[in-house]
Amino acid sequence: MATLQASSFLRSSCTNANSSSSSRRRTTITAKINIPNIRTNKTSQLPMLISDQHEQFTINPIEELVLSPSRILIHDTNVDGLDPLVIEKLYVIKEAVADRVEMHRNIGEQRSQWNSMLLTSINGITLAAATMAGIAATSSGDSVLGLKMSSTMMYLAATGMLTIINTIQPSQLAEEQRNATRLFQDLHNQIETTLSIGHPSSIDVKEAMERVLALDKAYPLPLLGVMLEKFPSSVEPAVWWPQQRRKQTKSVNNNNWNGWNSKLEEEMKEIMGVLGRKDQEEYISLGKKALKLNKFLAMSGPLLTGLAAIGSMFIESDSASHGSNWAAMLGIVGGALASVVNTIEHGGQVGMVFEMYRSNAGFFEYMKESIESNLMETETERRENGEVFEMKVALKLGRSLSDLRNLASSSSSLKEEFASKLF
């Protein structure tokens, strides 16, 4: 309609210009020279306006669906082969993932602050109790009883706080949330890539939903009931992904190997073996050592403060002890050792180190399953593109393509190197 109106206006403008030209041509030559300029300006501006209006309404089909959500509800037909309902679902998942990124980031910062504040508070209480025990052992009179009671109560409070903090491991909780933030951000970027350069389908929606739920299960937000076990009986790699599924391709070409060949398959098999024998095994071994150290420290801290509380309870004054006051020694030394143990455990963030090792082992397990799921698929057209997959593996392991191939060729040597150069 706007085009028809513009055409009518163009004709009327040209007619007016011609009539004006014929009337002015009889008077002066100057008017004759100026008329073409006026007519040219009027007629040349109108097509530009029409063209600008046309360009303003010519937008990307995906952007049109996002900017005009009502069109998704009105039209059931696809736009350039894109399903509007699939686009809408992916944007809903993308918004939910962005919200989870922010939640896990905020909670991770909060739990990191827990670790710092509780460490400082418990060490302050413990050292104050040890100081009171020492003063009580060298004092006499009515003040001894008050110092003994104060020291005992502070040691008991420190014992209870240490029991709680050693159970929940705030540094490990913070590391879990940092990992969840990074993985949700990675999922968010993948959804953006699918929307921008791909042709989303219902399979993409289903896979994105499964990944969100798998991450929610792997890194829960609540502390009660669903918190990850901090002292497991065995160290297992972290798992944050759903079961690997076959890749569905939009077109099948029997003459196209989809970037795969026998050499690349052998290369991937060798890399998968190195990941299992070297990298994953190394981080599981380190995780076991960190877990043993953390268990020892978690039991030692409350035990030492408990013994110090018992010692401070039986402290005798200097005149009554006759130079031998084992209770005072227990109260003072136990408190000092408890502060050292607490500092090593939570200041050194041993729980965070254990979670980092467990997460790294999970990363290598994920790499192995990704390679295996592609190799298990006999139809190469249904696999991920071989060249793209090889580049992805190289980047994840911190290697160049040539370096990755050299790793596969040297995997059978006596001195086998680690597959990953990142960590």
D403 accessible area, 1.4 Å probe, all protein chains in place, Å² to nearest 10: 40 Å²
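Express the carbon and sulfur contribution to the solvent-accessible surface of segment 291-423 as a percent, rounded to the nearest whole number, probe 1.4 angstrom.
Numbers: 4180 of 6510 Å².
Ligands and nucleic acids excluded, carbon and sulfur reach 64 percent.
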Cross-link table K392/K415; K206/K368; K94/K295; K94/K288; K292/K392, entries beyond 32 Å C-alpha to C-alpha: K94/K295; K94/K288; K292/K392
Peptides 288-301, 153-166 ordered by average Cβ neighbours within 10 Å, highest first: 153-166, 288-301
Extended-chain gain in nm, criterion 0.36 nm per residue less alpha-carbon gap, F314 and L401: 24.3 nm
Debye log10 I(q)/I(0) at q = 0.21, 0.32 Å⁻¹ for segment 97-150, Cα point scatterers: -0.77, -1.08
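Return a whole-number percent for the relative contact order of segment 101-168, with Cα pairs under 8 Å and 6 or more residues apart as the contact set.
Reported as a whole number, the value is 32 percent.
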Rounded FRET efficiency, nearest 0.05, which uses the C-beta distance separating E282 from E387 and R0 of 51 Å: 0.95
Segment 119-178 pair-distance distribution - Cα-Cα, 10 Å bins, rounded %: 22, 38, 22, 12, 5, 1
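I'd like the carbon and sulfur percentage of the solvent accessible area for segment 139-241, probe radius 1.4 Å, heavy atoms only, ligands and nucleic acids excluded. Before the final figure, lay out the partial values.
On the way: 3180 of 4990 Å².
Accessible surface attributable to carbon and sulfur in segment 139-241 totals 64 percent.
The values are calculated or read from the model by the stated rules, or taken from the named source; none is laboratory data. All values reported here derive from a predicted model rather than from experimental measurement. All Cβ positions, glycine included, derive from the backbone under ideal geometry; neighbour counts span all protein chains shown. Ligands, DNA and RNA are stripped out before the accessible areas are found, and what is left, the full protein with its side chains, is counted by its heavy atoms. Shrake-Rupley method; radii C 1.70, N 1.55, O 1.52, S 1.80 Å.
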